[in-house]
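The next block holds one structure in the form of structure tokens; read it before the comments.
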Amino acid sequence: MTIDAAGNSSLDKLSSSYQPRDTEEKEDTLGRTDFLTMLVAQLQNQDPLNPMEGSDYSAQLAQFSSLEQLMNLNDTMESMQTAFKQGNESDVTSLVGKEVTGKVDAIEVADGESFGGSYNISETCEVMVTIYDSDGREVRSLYPGQKNEGNYNINWDGTDNSGNKVEDGSYKYVVTANSGYGFEEIPTTVTGVVESVVYNDGKAYLQVEGVLVDPGSLVQVMNAPETEETASSITDYLGKEITSSTSYAAVKDGSVSGKECSFELENQEDVILSVFNQSGEELKSIPLLAEQASAGTNTIEWDGTDNSGSAAADGLYLYSVSTASGSVETTVSGEVSGIQYINGSKYLVLKDSGILTDLSSVTSVN
């Protein structure tokens, strides 16, 4: 008697239905198609004189059912994971406008330029900053020297201790301070209102006080203090005399709006005007010697160039004034003549000086 092992038309149809392998499946993965292909081949080639026991066949079908359920569960988990990631991104954007406190210990380098990094000291002390790469190797040691109480940005030119440019990426830093009892590590945190969400290499960062903060490093989230904008429109400031504690200059097409930074000195002493971009990097340092300064109101003019003499890019720049005895307030007063939008934020323009300021810095309105 001749037996044709491939003569069962029903099995042939079933086999042909599952022979093609899903091209999207990984080559090293045994999927449902492979399982059915093996099961059909086993049925086609079984010994007709000793066929598969019904219980064995039922057990294999049960295994296939379990496989099907596991694969469906895997698809469900992947969908949940995608939804979870999307939800996280939504949670990050919902932090814009809130006041947060986060641990900051990284400086980003992109296109050879470094940005980010700050520290806060509560008393006068000597400061040292050590920067490490992703493998924990020391890259650069910075010695800012003696600093008074306050917040400071880390000014790093993106080079190592040998003067070579480092590769783009994220670098950790540690700040140590000596107030007379030896150098000790100090926590590096930043507190402020989240201005925007910045994406770097696909990861979301919060921009706070010009510093990029990892959302995972937040230790506190609060609603931002209410400003006058919540009670009235920003246009209500037009034509009014205001006083503000923060001074900005704006550069557009090479022209500088708000060239002069005004400040008050109690005593005649050396002064340095620092110009920072929105990433917190110092663009230019302008000295004013004590013999050129006076007790009372002083002004320093910025020509819109950096320390190398190159023209600054269009954007917003922050003025900061300091002396050997500490930071100096850059209080400005004047009539609001206009409103300027820069990177989605609103700034008041003072008529006579062209200086810009933000609503959160306004201390009085007449």
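Filter segment 331-358 down to residues that are assigned to a loop (DSSP other than H, G, I, E, B) and either under 21 Å from S122 (Cα atoms) or among the small types (G, A, S) (or both), then give me how many there are.
The initial filter retains those residues of segment 331-358 that are assigned to a loop (DSSP other than H, G, I, E, B), namely 331, 343-344, 351-355, 358.
The next check asks that each one be either under 21 Å from S122 (Cα atoms) or among the small types (G, A, S) (or both); those that pass are 344, 353-354.
Residues flagged as assigned to a loop (DSSP other than H, G, I, E, B) and either under 21 Å from S122 (Cα atoms) or among the small types (G, A, S) (or both) within segment 331-358 amount to 3.
Going residue by residue through segment 93-108, is there one that turns out to be more than 13 Å from the chain's Cα centre (by Cα), within 20 Å of E281 (Cα to Cα) and open to solvent by 20 Å² or more (accessible area, probe 1.4 Å)?
Checked against the condition, which is being more than 13 Å from the chain's Cα centre (by Cα), within 20 Å of E281 (Cα to Cα) and open to solvent by 20 Å² or more (accessible area, probe 1.4 Å), segment 93-108 yields no hits at all.
Which residues, taken from segment 178-198, are within 26 Å of the chain's Cα centre (by Cα) and either farther than 30 Å from V96 by Cα or free of Cβ contacts under 8 Å to residues at least 12 places away in the same chain (or both)? Can you show your working first?
Quick first cut of segment 178-198, residues within 26 Å of the chain's Cα centre (by Cα) only: 185-198.
Answer for segment 178-198, where residues must be within 26 Å of the chain's Cα centre (by Cα) and either farther than 30 Å from V96 by Cα or free of Cβ contacts under 8 Å to residues at least 12 places away in the same chain (or both): just E185.
Report yes if Y152 is surrounded by 14 or more Cβ atoms within 10 Å (Cβ to Cβ) and closer than 13 Å to A106 by Cα, otherwise no.
No: the conditions fail for Y152.
Can you tell me which residue in segment 227-256 is least open to solvent (accessible area, probe 1.4 Å), limited to those that are at pLDDT 80 or above and assigned to a loop (DSSP other than H, G, I, E, B)? Give the steps one after another, and end with the answer.
Let us first name the residues in segment 227-256 that are at pLDDT 80 or above, namely 236-256.
Subset that is assigned to a loop (DSSP other than H, G, I, E, B): 238-240, 245-247, 253-254.
Details: L238: 80, G239: 49, K240: 83, S245: 55, T246: 26, S247: 0, D253: 130, G254: 61 Å².
Of everything passing the filter in segment 227-256, S247 is least open to solvent (accessible area, probe 1.4 Å).
Just need a number here: residues in segment 158-171 that are open to solvent by less than 80 Å² (accessible area, probe 1.4 Å) and either out of contact with any Asp or Glu (no Cβ under 9 Å at 6 or more places or on another chain) or of a type outside the set (A, V, I, L, M, F, W, C) (or both).
Summing the residues that are open to solvent by less than 80 Å² (accessible area, probe 1.4 Å) and either out of contact with any Asp or Glu (no Cβ under 9 Å at 6 or more places or on another chain) or of a type outside the set (A, V, I, L, M, F, W, C) (or both) in segment 158-171 gives 7.
Pull up segment 275-301, narrow it to residues that are of a type outside the set (V, I, T), crowded, with 18+ Cβ neighbours inside 10 Å and under 29 Å from the mean Cα position of the chain (by Cα), then point me to the one that is modelled with the highest pLDDT.
Just the residues of segment 275-301 that are of a type outside the set (V, I, T), to begin with: 276-285, 287-296, 298, 301.
Keeping just the survivors that are crowded, with 18+ Cβ neighbours inside 10 Å gives 276-281, 283-284, 288, 293, 298.
Those left that are additionally under 29 Å from the mean Cα position of the chain (by Cα): 276-281, 283-284.
Numbers: F276: 87, N277: 84, Q278: 75, S279: 71, G280: 73, E281: 80, L283: 88, K284: 91.
Restricting to residues being of a type outside the set (V, I, T), crowded, with 18+ Cβ neighbours inside 10 Å and under 29 Å from the mean Cα position of the chain (by Cα), the top hit is K284.
Within segment 128-142, identify whether any single residue is open to solvent by less than 30 Å² (accessible area, probe 1.4 Å), hydroxyl-bearing (S, T, Y) and within 30 Å of V221 (Cβ to Cβ), and answer yes or no.
yes
The values are calculated or read from the model by the stated rules, or taken from the named source; none is laboratory data. For clarity, every value in this text was computed on a predicted model and none was experimentally measured. All Cβ positions, glycine included, derive from the backbone under ideal geometry; neighbour counts span all protein chains shown. All accessible areas refer to the heavy atoms of the entire protein, side chains included, with ligands and DNA or RNA removed. Shrake-Rupley method; radii C 1.70, N 1.55, O 1.52, S 1.80 Å.
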